[in-house]
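Here's the structure, in structure tokens; my notes come after.
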């Protein structure tokens, strides 16, 4: 049971699942009222990858990252047009925060079209796989 006492007009409450919330209100005269609300959490997870990026050190779109929420596990791989793997990570943090910088073994790759494969397990246990093309421009 969660009971909150606040004076703000709007309050944010975070929950990681369905639950009841209870509210006890008391006015300046000591009169009390009680109410409850059941919150059914609908998990709408999103996973996506851009289709173009420009690793040219201008501070804009310099890295290809996985965008999304609710990702528990990940395998993010990039392949060249011949099927050779040029990048891979199984770190959720690296895939989302750092991403791929358009290099292989610290050497800049030429502009072109690459294939990405993203395999994720979401927080609710759902598995998703995405395959797509990304264009590297310099």
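Laboratory data are not the source of any read-out in this text; all were calculated from the coordinates shown. Everything numeric in this text was worked out from a predicted model, so none of it was measured. Note that each Cβ is placed from the backbone with ideal geometry, even for glycine, and that neighbours are counted across all protein chains shown.
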Open item on the list: Here are a few candidate values for volume of the Cα convex hull per residue in Å³: [x] 99; [y] 204; [z] 139. Which one was actually calculated from the structure I just gave you?
Closed with: [z]
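Classify region 55-107 from the C-alpha gyration tensor, please: rounded if a/c falls under 1.5, else prolate or oblate depending on whether a/b exceeds b/c.
Details: a/c = 2.24, a/b = 1.19, b/c = 1.89.
Oblate shape, in that a/c is at least 1.5 and b/c is the bigger or equal ratio.
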- [ ] Any chance you could check the Cα centroid distance between region 105-138 and region 17-38 for me, in angstrom?
- [x] 48
- [ ] Taking only Cα atoms and a 10 Å spring cutoff, compute GNM fluctuations for the chain and point out the largest among 44, 97, 12.
- [x] 12
Task: Rough spin-label spacing in nm, given labels placed 7 Å along Cα→Cβ, for residue 103 and residue 90 - done: 2.4
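Quick check: residue separation of residue 135 and residue 15 times 0.36 nm, minus the Cα distance between them. What number comes out in nm?
39.3 nm
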TODO: Take the Cβ-Cβ distance between residue 115 and residue 56 as r, set R0 to 25 Å, and report the resulting FRET efficiency rounded to the nearest 0.05.
DONE: 0.70
TODO: At 0.36 nm per residue, minus the direct Cα-Cα distance, what do residue 81 and residue 33 gain on full extension? Give it in nm, one decimal, please.
DONE: 10.6 nm
Open item on the list: Below 8 Å between Cα atoms, with a sequence gap of 6+, how large is the relative contact order for the chain in percent?
Closed with: 20
